[in-house]
Amino acid sequence: MENDRSPQLPPKFVFGIKGEDLFEALCSEYFLYEGFKAVRRNGGSAGIDLQTIQDFEANLKKELQDLRDELEDWTYEPRPVRRVEILKPDGVGVRLLGIPCIRDRVVQATIKALIEPLLDPQFSKHSYGFRPGKNQRQAVEAAQEIVQGRGKEIVVDIDLSKFFDRINHDRLIYRLSERISDKRILRLIGKTLRSGIMENGTVKPTNEGSIQGSPLSPILSNVVLDELDKELESRGLEFCRFADDCNIFVKTKKSGQRVMGSVRKFIERKLKLVVNEEKSKVARTSEVKFLGMTIVEGMIAISKKSYLKAMKVVKELTPRGTNLKLEATIEEINKWYRGWSQYYSMTQFPAQFGAIEAHIRRRLRARLVDQQKKRRNLFRKLKQRGVSHKMAAKAAFSNKKRWALSHTRAVEKAFPNKWFIQEMGLFIRSKEAHPHWNDRNMWVSLT
């Protein structure tokens, strides 16, 4: 249905969509097709009906016509989502996700596109998650501005326990009704929220919560937490929020404790949510992780937790005793490191990248040493790579193990940084030039 075969925008909506006409727009093939394109861009696996995006697209015109007909005569029923578990980023515990069927994702993506222009302009400017034109970097830089510009170095770090699972449906629909006049759209959103979860062949009802994995979930979460934003603004508090990750900035620990207590009461009594006491805290900015970053003496750095996790990934990508060729290992490392370092390039300390890259090279050198099996083989290899007889012998015939050998002058000369980068294609981020970066040799102490 691309290009000439794509559905045309109905004349009624050429000059925009009125609030009371949202349902008519949803029932048009044009907007459903736009919803499908959003689903296709995001990808994802099949729901409980096992229909893939490719299957849906193979009969796209009929699928969209069927959806339109079901919506118009109110026979459309969202199916239960497929429950999946993914390991949390810190490796501790799992996050529960729900995968809706493709047809339901199309409807939800279309609803999102229609209601977002009505909802987003009214959200707080301090909210950065899942919003057009907003991102994590802006949130972290806004936090830095508060710390640098206003001297507020104490953070009230609020963690919501199982936020998406505990959203109150009645309260959410009421909040939506304040901004969306078309009751039919509200009814559909309510049906989607209550569609249920299929786990081990059994359908469980969803009387609360918004399924993570639904195209609607991010914007609905912002509707819920916008009430928190407005409360914080009314109190004159400075804060940054990205989804359910909220940091409030104050000048003293005493005021931080006071804010923590009053905001906790608001969240639990008014929003009907639960604050995670173990993960929430009042601390200096250098002791708090926000979107993987931390602010140390007013500057942005990769947090200690994120940094150590990266080192763990490096170890997993460079295991001992592998049969994988060096080229294949470097390809896997590059695939991970390009994406990881692109996000974390908001740090002002390129030395953090330099340390990770040095660790990668050292682990690869240790593998090259290990592959020689015997000391005399290592001696020959070092000489072949241009190391002097004396230096090669001193390293190869020492009592040092593979890890210690990987950091000797002989091995580093045989396999220099330049060789890894230029000949083997190892990707390096630390040598780039960014205006916000400090000197490459400037280190940061993380707590």
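Numbers below:
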{"item": "Region 308-398: trypsin sites (Lys or Arg not before Pro) in DSSP coil with no more than 16 other Cβ atoms inside 10 Å", "result": "R320, K325, K373, K374, R385"}
{"item": "Region 336-356-region 304-335 distance, computed between alpha-carbon centres (Å)", "result": "15 Å"}
{"item": "Per DSSP, loop GluC sites (Glu not before Pro) in region 279-384 with at most 13 further Cβ within 10 Å", "result": "E297"}
{"item": "Ordering of 269-282, 429-442 by packing [mean C-beta count within 10 Å, highest first]", "result": "269-282, 429-442"}
{"item": "For region 387-447 versus region 252-280, the gap between their alpha-carbon centres in whole angstrom", "result": "47 Å"}
{"item": "Rounded percent of accessible protein surface that carbon and sulfur make up, the chain, 1.4 Å probe", "result": "49 percent"}
{"item": "Given charges at beta-carbon only (K, R positive; D, E negative), |dipole| of region 244-301 in Debye", "result": "400 debye"}
{"item": "Alpha-carbon radius of gyration plus Dmax, which is the widest Cα pair, for region 371-445 in Å", "result": "16.1, 49"}
{"item": "Label of the coordinate-derived value, semi-axes √(5λ) of the Cα gyration tensor in Å, listed as (i) 47, 23, 20; (ii) 49, 30, 19; (iii) 53, 23, 19", "result": "(ii)"}
{"item": "Packing-based order for 198-205, 340-347, using average beta carbon neighbours within 10 Å, highest first", "result": "340-347, 198-205"}
{"item": "Relative contact order %, the chain, counting alpha carbon pairs below 8 Å whose residues are six or more apart", "result": "14 percent"}
{"item": "Between helix 102-119 and the chain: long-axis angle, C-alpha atoms, 0 to 90°, nearest 10", "result": "80 degrees"}
{"item": "Average accessible surface area per residue within the chain, 1.4 Å rolling probe, Å²", "result": "50 Å²"}
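The values are calculated or read from the model by the stated rules, or taken from the named source; none is laboratory data. Remember, predicted model here, so these are calculated numbers, not experimental data. When we count neighbours, we look across all protein chains shown, and the Cβ atoms used for this are built from the backbone with ideal geometry, even at glycine. Just so you know, the surface numbers come from the protein's heavy atoms only, side chains and all, with ligands and any DNA or RNA stripped out. Shrake-Rupley method; radii C 1.70, N 1.55, O 1.52, S 1.80 Å.
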